[in-house]
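Notes follow once the structure below has been shown.
The values are calculated or read from the model by the stated rules, or taken from the named source; none is laboratory data. All figures in this text were calculated on a predicted structure; none of them were measured in a lab. FYI the Cβ positions are ideal-geometry reconstructions off the backbone, even for glycines, and counts take in every protein chain you see. Heads up: the accessible areas ignore ligands, DNA and RNA and are worked out on the full protein's heavy atoms, side chains in. Shrake-Rupley method; radii C 1.70, N 1.55, O 1.52, S 1.80 Å.
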Amino acid sequence: MGIKKVGVVGMAGFMGQGIVQICAQSGYQVVGSERSEEQINKSLVDIDARLAKNVAKGKISQREKDIALARIKSTTNMEDFADCDLMIEAVFETMNLKQEIFAELDATCSNNTILATSTSCLSIIEISSVTKRPNKVLGLHFLSPVPQNKLLEIVKTIATSDETMATGKEFTKSLGKTFIVAKDFPGFVFNRLSVALLLSAVRVLESGIATREEIDDTMKLGLDHPIGPLALLDFGGNDVYLHIANALYEELKDATYAPPMMLKQMVAAGWLGRKTKKGFYDYT
């Protein structure tokens, strides 16, 4: 099955914006949705600004920017997804919300439409259980920032068909990304590894073994990471990682994924990282 038109539910978030952008830049017609026109307008402004930065840096031409933006349409009506070949859901990591969206997409979209979720930790077979097409449901776990990150996890459930997987792989390649195929297990591959590291970094800071700079420099200089674990937490959002850690711990009952008290307290205080100008570092 060839993909020509892609729908994205949840284009207001950083992840959703990135998916809309990379799909448009890769030649796809894209329809993005949000609950309000205000959220849509902000998303389009943000995408335009990021593309403008790429033009300024010489990464793309002004013409390429204009063509990409022209491929993006927006809507607040799920009915506008009826003729999409691929749907990608990119809303907050809440099972009930994702199931609600998938049930609506299942009733709205063509029987041939593939439904994908960008979830980073939730059970995809459970999400697909509300549809009549579990064989056409898979995970497409993009990593942030989506346009720059070269990795994409394709997640196969026990019901995902080989045809759906083949289409997912071709789509991933068309975005210029490298994929790994992961099983539908909590955290898949990337978060099972990365969240363990991030939480360990918080525990080292919490216990006073090292400063935030020493922890981040250790990973950057010792393992050639482009960004330290505490700075990465701030970048992705401490609330986001706390949510993922809680979900992994609930499923696995492995103390490795039990959120440190420091992370819980920071989220409670509203110190979410870059988006609130304060996290492990101060961004004011």
Say we look at the stretch 66-76 and pick out the residues that are in contact (Cβ under 8 Å) with a residue 12 or more places away in the chain and part of a helix (DSSP H, G or I); which of these is surrounded by the fewest Cβ atoms within 10 Å (Cβ to Cβ)?
Leu69
Checklist (1) on the phi < 0 side of the Ramachandran plot; (2) open to solvent by less than 60 Å² (accessible area, probe 1.4 Å); (3) modelled with pLDDT of 95 or more applied to Thr178, failing item
(2)
Looking at the stretch 185-192, is at least one residue more than 21 Å from Thr157 (Cβ to Cβ) and assigned to a helix (DSSP H, G or I)?
no
Tell me whether the stretch 37-56 contains one or more residues that are at negative phi and assigned to a loop (DSSP other than H, G, I, E, B).
no
Criterion (closer than 27 Å to Tyr257 by Cα, buried (at least 20 other Cβ atoms within 10 Å of the Cβ) and not β-branched (Val, Ile, Thr)) met by exactly one of Asn149, Asn191:
Asn191
Have a look at Ala268, Ala247 and point out the one that is farther than 19 Å from Ala196 by Cβ, out of contact with any Phe, Trp or Tyr (no Cβ under 7 Å at 6 or more places or on another chain) and either modelled with pLDDT of 95 or more or crowded, with 17+ Cβ neighbours inside 10 Å (or both).
Ala268
Search the stretch 134-145 for residues being more than 14 Å from Ser161 (Cα to Cα) and in contact with a strand residue (DSSP E or B) (Cβ under 9 Å, 6 or more places away or on another chain), and hand back the single one that is surrounded by the fewest Cβ atoms within 10 Å (Cβ to Cβ).
Leu143
Quick check, is Phe92 farther than 30 Å from Thr218 by Cα, of a type outside the set (Val, Ile, Thr) and modelled with pLDDT under 95?
yes
Across the stretch 250-262, what is the total count of residues that are over 22 Å from Thr211 (Cα atoms) and either open to solvent by less than 20 Å² (accessible area, probe 1.4 Å) or assigned to a helix (DSSP H, G or I) (or both)?
4
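Listed here are the residues, each with its yes/no results for (1) within 21 Å of the chain's Cα centre (by Cα); (2) in a helix (DSSP H, G or I); (3) without any contact (Cβ under 8 Å) to a residue 24 or more places away in the chain.
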| position | (1), (2), (3) |
| --- | --- |
| Leu197 | yes, yes, no |
| Val204 | no, yes, yes |
| Gly208 | no, no, yes |
| Glu214 | no, yes, yes |
| Pro226 | yes, no, yes |
| Asp234 | yes, yes, no |
| Tyr241 | yes, yes, no |
| Lys264 | no, yes, yes |
| Phe280 | no, no, no |
Selection from the stretch 152-174 of residues that are of a type outside the set (A, V, I, L, M, F, W, C), open to solvent by 20 Å² or more (accessible area, probe 1.4 Å) and not in a loop (DSSP other than H, G, I, E, B)
Lys156, Asp162, Glu163, Lys169, Glu170, Lys173, Ser174
Of everything in the stretch 77-133, what is open to solvent by 30 Å² or more (accessible area, probe 1.4 Å), part of a helix (DSSP H, G or I) and more than 20 Å from Val30 (Cβ to Cβ)? Give them in sequence order.
Met95, Asn96, Leu97, Gln99, Glu100, Ala103, Ala107, Ile125, Glu126
Got a sec? Which of Ile67, Ile88 is more than 19 Å from the chain's Cα centre (by Cα) and among the aliphatic types (A, V, I, L, M)?
Ile67
